[in-house]
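Single-structure report; data block below.
Here, each number is a calculation from the coordinates, and none is a lab measurement. Keep in mind it's a predicted model, so treat the numbers as computed, not measured. Here the Cβ is made from the backbone with ideal geometry for all residues, glycine too, and neighbour counts use every protein chain on show.
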Amino acid sequence: MAAPDPTTAVNELSVIADTIERQRERVGAIAEPFLGTDRDDVVTTVHEAERQLLMAGRALRRAIRTLG
């Protein structure tokens, strides 16, 4: 049995990683109006979500490098 061609997976993962990066930026921007207010709870929670999206994007980029 021939090894699968990783090209399709790399392309799909690249699109998903790019989308996650754009969404991460949007999520981070949501916290900005709350900086310096009494809504530290919002800032903390949104920044945590942003951090998790960053980690997801990095994991996908590692997968792409592994396939490449």
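Quick notes
- The one condition in (1) in contact with a helix residue (DSSP H, G or I) (Cβ under 7 Å, 6 or more places away or on another chain); (2) surrounded by 13 or more Cβ atoms within 10 Å (Cβ to Cβ); (3) free of Cβ contacts under 8 Å to residues at least 12 places away in the same chain that Arg39 fails to fulfil: (1)
- Test: Val27 is touching a residue at least 12 places away in the same chain (Cβ under 8 Å), in a helix (DSSP H, G or I), closer than 20 Å to Arg65 by Cα and touching a helix residue (DSSP H, G or I) at 6+ places or on another chain (Cβ under 8 Å): no
- Residue match in segment 33-46 (condition: under 17 Å from the mean Cα position of the chain (by Cα), part of a helix (DSSP H, G or I) and farther than 30 Å from Pro4 by Cα): yes
- Filtering segment 48-68 to residues that are more than 22 Å from Pro6 (Cα to Cα) and surrounded by fewer than 14 Cβ atoms within 10 Å (Cβ to Cβ) leaves Glu48, Arg51, Gln52, Met55.
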